[in-house]
Amino acid sequence: MASAAADGVTRTTLLIGQTITLQGGKNAYGMAVQDGIAAYLKAANAQGGVHGRQILLKTLDDDNSGTKAEANARDLVLKEKAFILFGSIEGGPSTAVMKAAVDLKVPFFGPMAGSPTLRRPHQPLVFPVRAEHRDEFRALLEHARSLGMTRAAFVRSDSETGLQHLENVRILCQQLKMELVADLPFKSGVGDPEITAMAQRIGTSGAQVVINHGGAGMYEQLIRKSRALGVKASFSAVNSGSAQLAEKLGDLAHGMVFAQVVPNPMERKTEIAREYRDVFARLQPGKPFSYGSLEGYLTAKALVAALKLAGPEPTRESFVQGLAKAGVVDINGLRLKYQPGDYTGLTLVDLAIYTRENRFMH
């Protein structure tokens with residue numbers, strides 16, 4: 001590791017490698033996340049960067065493909081000589097980047113995905129910031145149970161990660177004395193016939209609440225199809241692409257409950273939201289505030305804090321040791337935990353309902 005420790009580090013710059021799902025600008029959530037990252041890094045560089053070095057971000061688009069994400073990650077480390085890897089989204093691509101990071105012995109900071117594989121088993125080189133989907137599932141199911149709902153359906157990717165999410169949902173349903181009446185796996189590129197069949201199954205299963213683990217575009221189609229077929233179940237959703245999902249659904253999103261892994265970006269009630277809104281409005285004029293851009297902003301701020309902990313002559317080893325020694329990284333009062341054997345990051349999950357005024361109310 002020592003022989004490659006100086007990769008990406010010059011006297012004046014730090015090169016960070018990122019592969020993220022932008023899909024050529026078509027992935028609205030990914031673009032929002034990237035806007036938030038860019039805003040914070042621009043502000044940080046204007047204030048001197050990290051120990052006098054400007055932070056350079058080399059970004060590649062993985063097109064929501066795990067195979068491409070892993071190839072991108074390897075290119076970023078082996079060809080571009082990035083210091084560390086950073087800031088992917090979506091479970092499949094993030095897990096693929098993790099695989100490359102572990103293989104190449106390079107730290108991977110701030111994957112913005114809820115996959116359990118990023119934390120279990122413990123990965124000494126992977127440092128999540130946001131809470132995982134398991135925490136979101138718990139919050140959504142607890143809310144449904146509090147309203148008297150006992151029959152749940154789960155929409156998930158047809159993948160190894162999706163199976164891990166399914167097991168977590170089964171355990172949570174048992175704990176909450178709920179019944180999982182429909183497991184609804186889907187593959188990328190799923191078509192209308194499959195979505196229609198899923199909607200019909202939700203109806204015949206008697207599910208009272210439906211939760212998802214991502215796939216906002218597909219979930220939108222499923223909700224539309226279900227409502228067209230007269231399915232009465234309540235649909236809830238995890239944070240990924242929530243603002244974009246609600247906007248596209250319009251009236252159909254009214255009353256939906258969403259799990260959020262950052263504070264409300266639409267109001268100035270928290271310190272991080274106030275800072276984000278001021279900086280984002282100044283550096284990304286005309287672009288809307290959103291959960292995605294706040295998550296990107298927060299994750300970039302955590303990255304800079306972690307880079308500072310690596311010391312004035314950073315190596316990959318000192319990056320890992322700096323976080324381990326600190327144990328807790330405080331970002332505007334939000335405490336990210338990186339304890340020996342347990343890199344939790346944040347556990348923050350807040351529920352928001354989408355109102356008839358087309359806004360999120362926490």
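So here's what we get for this one:
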item	result
Three-way shape label, the range 113-153, alpha-carbon gyration tensor, a/c 1.5	prolate
Beta bridges per DSSP with both ends in the chain, % antiparallel, nearest 5	35
Partners for K301 among lysines (Cα-Cα distance below 27 Å; same-chain residues under 8 apart left out)	K26, K42, K58, K68, K79, K81, K99, K105, K269, K287, K325, K337
Share of carbon and sulfur in the accessible heavy-atom surface of the chain [1.4 Å probe, %]	51
Trypsin sites (Lys or Arg not before Pro), loop per DSSP, at most 10 other Cβ atoms within 10 Å - longest free stretch of the chain	80-176
Scattering curve values for the range 7-52, log₁₀ I(q)/I(0), Debye with Cα scatterers, q = 0.13, 0.21, 0.25, 0.34 Å⁻¹	-0.39, -0.80, -0.93, -1.17
Translational D in µm²/s for the range 110-186 (Stokes-Einstein at 4 °C, 1.567 mPa s, Kirkwood Rh from C-alpha pairs)	98
Contact order normalised by residue count of the chain, Cα under 8 Å, 6+ apart, percent	20
Probe 1.4 Å, accessible area per residue of the chain, Å²	41
Alpha carbon centroid spacing (whole Å) that separates the range 261-317 from the range 45-117	17
Principal axes of the chain: Cα extent on each, largest first, Å	63, 40, 36
Translational D in µm²/s for the range 270-341 (Stokes-Einstein at 37 °C, 0.692 mPa s, Kirkwood Rh from C-alpha pairs)	244
Extent along principal axes [Cα atoms of the range 217-277; Å; largest to smallest]	44, 18, 18
Volume per residue of the C-alpha convex hull in the range 319-358, rounded to whole Å³	96
Residues whose placed amide H lies under 5 Å from that of S115, excluding near-sequence neighbours	H133
The range 229-362 shape via C-alpha gyration tensor axes, a/c threshold 1.5	prolate
Kirkwood-based shape ratio for the range 60-219, expressed as Rg/Rh from alpha carbons	1.03
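The values are calculated or read from the model by the stated rules, or taken from the named source; none is laboratory data. Since the structure is predicted, the reported quantities are computational estimates derived from the model, not experimental observations. Cβ coordinates were reconstructed from backbone atoms using ideal geometry, including for glycine residues, and neighbour counts include every protein chain displayed. The accessibility values were calculated without ligands, DNA or RNA, using every heavy atom of the protein model including side chains. Shrake-Rupley method; radii C 1.70, N 1.55, O 1.52, S 1.80 Å.
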